[in-house]
Amino acid sequence: MSGQNRFVSPFHRPQFVAAAAPAGKAKLTHPGKAILAGGIAGGIEICITFPTEYVKTQLQLDEKANPPKYKGIVDCVKQTVNSHGVRGLYRGLSSLLYGSIPKAAVRFGVFEFLSNKMRDETGKLDSKRGFFCGLGAGVAEAVFVVCPMETVKVKFIHDQTSANPKYKGFFHGVREIIRVEGLKGTYQGLTATVLKQGSNQAIRFYVMTSLRNWYKGDDPNKAINPMITGLFGAVAGAASVFGNTPLDVIKTRMQGLEAHKYKSTLDCAVKIMKHEGPMAFYKGTVPRLGRVCMDVAIVFIIYEEVVKVLNIVWKTD
């Protein structure tokens, strides 16, 4: 009997070890690493995708209540380039860049902090908990970063459509907005922004968590190829676009130069429905879809790769 055990053991031991390895606890990402990696990813991503954000915002501000200025995406790009050159497609980049770095830093930092608290004994985060961690991350980034920075960005872009643009740059624009409207001038559309960012990240992290768990199977530490991460990110981005574009439209209107026309987020939604119809809630969906899918894919790829490097140079275990 003992001889039989010694004979079988060498052939079965590797299988036993391989089967037992997945039972190990998943490696957690330190919130500090998440903040740094998120900030780097956010800064690189926005430099790549900003022109699509510009076109999306212009189309959303092009209300049907007045004669539309643009016939579509191509016409918007053509008119902008003819009037202001290629650089016109980057108007407002500075304000969004200043916001994208801390936005992604807060998003991933809060998500990792919350998820580290909510994982099970094996270190696995299920999709439902991923949803709530994403929701918390989205609300945090909305309050601390997104709302004030997005308000400034939208005002900059809208200002360019005026006959006499009044903002000369990021700091000049912020100073003028605060001088004329006070600090609350940078917090227009807070409710809509919280709803948008909260639902955005809840959907994205729910999808990403679900896809990651499916891909990794029983091995929580299984490596994921960057291209696979990008594909998962694009799917998550698309899901968030179709899930909350109406909130994005309302947020943009609430932050524009004509925000005074709306008494509240609800009033804005009612007036859009009354004067422009339900399809107005999906204006800019196509350019937003392209930008967001690319945005989320790039951010997750860069984030994951930077975290890998930080795990080598920054020991936190």
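The values are calculated or read from the model by the stated rules, or taken from the named source; none is laboratory data. Being a predicted model, the structure only gives us computed values, none of them experimental. We place every Cβ from the backbone using ideal geometry, glycine too, and count neighbours over all the protein chains shown. Only protein heavy atoms, including side chains, enter the accessible area calculation; ligands, DNA and RNA are left aside. Shrake-Rupley method; radii C 1.70, N 1.55, O 1.52, S 1.80 Å.
Quick notes on this structure:
- Accessible area (Å², 1.4 Å probe, nearest 10) - MET227: 140
- Positive-pole candidate from HIS84, VAL249, ASN164, dipole of the chain, charges at beta carbon: ASN164
- Segment 164-317: Cα Rg divided by the 2.2 N^0.38 Å rule of thumb: 1.32
- Extension gain, LYS308 to ASN221, is 30.1 nm, computed as 0.36 nm per intervening residue step minus the present C-alpha separation.
- Stokes-Einstein D for the chain, Kirkwood Rh over Cα pairs, 37 °C, 0.692 mPa s (µm²/s): 155
- When the residues GLU45, GLU304 are ordered by accessible surface, computed with a 1.4 Å probe over the protein chains alone, the sequence from largest down reads GLU304, GLU45.
- Simple Cβ-charge dipole of the chain, Lys/Arg +1 and Asp/Glu -1, about Cα centre, in debye nearest 20: 180
- Reduced Cα scattering model of segment 234-280, Debye log10 I(q)/I(0), q = 0.31 Å⁻¹: -1.13
- Estimated from helical segments only, the mean residue ellipticity of the chain at 222 nm is -25000 deg cm²/dmol, where each DSSP H run of four or more residues counts as -39500 (n - 2.57).
- The value given for segment 240-317 is a Kirkwood hydrodynamic radius of 15.1 Å, derived from the mean inverse Cα-Cα separation.
- Restricting attention to segment 95-188, lysine pairs at least eight places apart or on different chains and with alpha-carbon atoms under 24 angstrom apart total 14.
- Inter-label distance for THR161 and HIS275, nm, one decimal - labels placed 7 Å from Cα along Cα-to-Cβ: 1.2
- In this view, the solvent-accessible surface of ARG119, computed with a 1.4 Å probe and all protein chains in place, comes to about 60 Å².
- Fraction of alpha-carbon pairs over 18 Å apart in segment 30-91 - percent: 49
- For the chain, the longest principal axis of the alpha carbon atoms and the long axis of helix 93-118 meet at an angle near 30°.
- Highest mobility in the GNM of the chain, judged by mean-square fluctuation with C-alpha springs under 10 Å and restricted to GLN79, GLN60, GLN188, is found for GLN79.
- Values of log10 I(q)/I(0), in the order q = 0.11, 0.22 Å⁻¹, for segment 95-188 under a Debye, Cα-only, solvent-free model: -0.44, -1.01
- Carbon + sulfur, % of accessible area of the chain - ligands and nucleic acids excluded, 1.4 Å: 65
- Using a probe of 1.4 angstrom and keeping all protein chains present, the accessible surface of the chain works out to 50 square angstrom per residue.
- Dipole magnitude for segment 198-306: about 460 debye, using +1 per Lys or Arg Cβ and -1 per Asp or Glu Cβ, origin at the Cα centre.
- Solvent-accessible surface (1.4 Å probe) assigned to TYR187 amounts to roughly 90 Å².
- Between helix 2-20 and the chain: long-axis angle, C-alpha atoms, 0 to 90°, nearest 10: 10
- Ranking of TRP314, TRP214 by solvent-accessible surface, largest first: TRP214, TRP314 (1.4 Å probe, protein heavy atoms only, all chains present).
- Computed over protein heavy atoms with a 1.4 angstrom probe, the accessible surface ordering of ILE157, ILE302, largest first, is ILE302, ILE157.
- Principal-axis tilt of helix 73-84 within the chain, Cα atoms, nearest 10 degrees: 60
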